[in-house]
1. Answer yes or no: is there a residue in segment 90-105 that is in contact with a helix residue (DSSP H, G or I) (Cβ under 6 Å, 6 or more places away or on another chain) and in a loop (DSSP other than H, G, I, E, B).
2. Out of the residues in segment 1-20 that are touching a helix residue (DSSP H, G or I) at 6+ places or on another chain (Cβ under 9 Å) and exposed (fewer than 15 other Cβ atoms within 10 Å of the Cβ), which is modelled with the highest pLDDT?
3. Please go through segment 106-124 and give me each residue that is within 16 Å of residue 146 (Cβ to Cβ) and either part of a helix (DSSP H, G or I) or at pLDDT below 95 (or both), ordered by number.
4. Restricting to segment 629-654, count the residues that are surrounded by fewer than 18 Cβ atoms within 10 Å (Cβ to Cβ) and either at negative phi or in contact with a strand residue (DSSP E or B) (Cβ under 8 Å, 6 or more places away or on another chain) (or both).
5. Pick from 251, 178, 240: which is in contact with a helix residue (DSSP H, G or I) (Cβ under 6 Å, 6 or more places away or on another chain), in contact (Cβ under 8 Å) with a residue 60 or more places away in the chain and outside any helix (DSSP H, G or I)?
6. Modelled with pLDDT under 95, touching a strand residue (DSSP E or B) at 6+ places or on another chain (Cβ under 9 Å) and not assigned by TED's automatic domain parsing to the domain that holds residue 69: which single residue out of 395, 451, 431 fits that description?
7. Quick one: which residue in 387, 310, 379, 362 is touching a residue at least 40 places away in the same chain (Cβ under 8 Å) and closer than 21 Å to residue 544 by Cβ?
8. Looking at 71, 115, which one is within 27 Å of the chain's Cα centre (by Cα), buried (at least 18 other Cβ atoms within 10 Å of the Cβ) and either over 20 Å from residue 437 (Cα atoms) or outside the structural domain of residue 605 (by TED's automatic domain parsing) (or both)?
């Protein structure tokens, strides 16, 4: 098999990229099966080593084991999100429970756990470096949280649970993708496209072409199309149709309906937590975060909810007043909010989104994100052509430091397509490490921007530009990683800390140094006028009541789900969602940013389960962290940037997150910066 399956050969191409051109979709499943078998042989050798457990023969050995799984799995799981097909999806359904069972078998290996536990118990006597002590503590915790201390019956049930959860998470995400892929709102006539700016008309035409639609123009459920449509379309009837389709993903009945899947996921998570001795899944999940407890999360969310809701109510009255002044005898509904909010913004701030976009061509914003990294961290980016990549849209950039040393490879995959799940994210094809040998990272950013017609430049909204900077902040967290142990590398930090590098990086987009240099008209190359930059700054907190409420509602529902459902109870998730929204007094004109049946953060795996609050927790950190730069009078202050690099971007999970932040900032963060940034301070 290794002779015919390119994935089972060393990745010997330039930069160590996977051999995409010679790999067929059918190769991934067999290659992963072989890699798991190899890894299990490695694990058994460590567990059955007759020598006394040492850091080298146990922890180092575990860190180096599974190289084939890491290499092949990274390629596969990245493709399933960014460029999937029927074969890959079938493989994903087959492989998800196998992978879960594999890792469950490792963590339930009693002989292996005894070696790890013996080292953990003796850790203060082993003369370990701080990073070695950290990786030992994290490895021990991984075993314990996976059920290594359970009896045999408990371990068996835990394995069943994690395998079933893997099946359900895969099914959930594939259902959402199918709903997104199968839906389009045709706009065949000029009347259907009434009010749409030219960039959106062009993007709708490109979407129709990409999907081979029978209609000349279509709106899909990609956020980069649906939100501008809801903002600009004068056709209230079509706005309602589009909005309801967008918010009903995963809830349309039939084979792709996710409601029963959510109920089963919640029940299984609660049972898993109970097996481990926790009162709820939220208590289990948060025990290994900065927040620590559901109470701490609720305190943050409720502190912000009250002023956010009041602000949203004031915003609603302005929208209602404007609609009435235009002779519209309507009550503002959820599909009206963005439309009338844009009218208010234009009236009160003189801002026109179409005008702003003219100064934000995609290539210029990419260049701006690179230039920011160069000024802060001394990095350089050189585009590399002719590489074997997984899609023609993907671009590759070699990253070097100020000495010319190779740092890593950065891949940018920017355009929406039907083979890609919605949203934007960062991932790694290879993570950095120094154990055994020096390995540099291969990092990818995946976005879903609406593509311009052939021959034209893709123009971004300010929201799109922030998204690009956000994901590139994650990318830098991967590229700048400088640790020894792979399990601590890149973004291997607590979920409520991982958004700090990304959200912090957004701040530099709107600095004068970056906007004035890179925000240039796509046709004339003239810089964005100072007056327009000032308008953007003045409008920064506009509609933040709405934005905060739609986000907080999702975060509060997430916590409620994972505390309310206990082992043996499930309930109907939509009823639970409705009860939470009623309890907090959710304005009827605003809908959760991610309704339950398509809440991929929480139900496509458990990465953000009980953790969607993390964006706001990290926003407390990022607002406070950027203030450190502002306090110096130079938002690119070299000394502050060096501390940021050393203790945040390069450190991975090599120390506790609160310690890392304190080393950078010199103190704990202050929530006042968040409230001020969102315009919610008293």
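1. No - not one qualifying residue is present in segment 90-105.
2. So the residue we want is 10.
3. Answer for segment 106-124, where residues must be within 16 Å of residue 146 (Cβ to Cβ) and either part of a helix (DSSP H, G or I) or at pLDDT below 95 (or both): 106, 107, 110, 111, 112, 113, 114, 115, 116, 117, 120.
4. Keep residues of segment 629-654 that are surrounded by fewer than 18 Cβ atoms within 10 Å (Cβ to Cβ), which gives 630-634, 636-639, 642-643, 646.
Now narrow it down to the ones that are either at negative phi or in contact with a strand residue (DSSP E or B) (Cβ under 8 Å, 6 or more places away or on another chain) (or both): 630-632, 634, 636-639, 642-643, 646.
Number of matching residues: 11.
5. Numbers: 178 fails: outside any helix (DSSP H, G or I); 240 fails: outside any helix (DSSP H, G or I).
Unique residue meeting the criteria: 251.
6. Details: 395 fails: modelled with pLDDT under 95; 431 fails: modelled with pLDDT under 95.
Just one listed residue meets the conditions, 451.
7. Details: 387 fails: closer than 21 Å to residue 544 by Cβ; 379 fails: closer than 21 Å to residue 544 by Cβ; 362 fails: closer than 21 Å to residue 544 by Cβ.
Matching residue, one of 387, 310, 379, 362: 310.
8. Values: 115 fails: within 27 Å of the chain's Cα centre (by Cα).
Step by step, each of 71, 115 is checked, and only 71 is within 27 Å of the chain's Cα centre (by Cα), buried (at least 18 other Cβ atoms within 10 Å of the Cβ) and either over 20 Å from residue 437 (Cα atoms) or outside the structural domain of residue 605 (by TED's automatic domain parsing) (or both).
The values are calculated or read from the model by the stated rules, or taken from the named source; none is laboratory data. Everything numeric in this text was worked out from a predicted model, so none of it was measured. Here the Cβ is made from the backbone with ideal geometry for all residues, glycine too, and neighbour counts use every protein chain on show.
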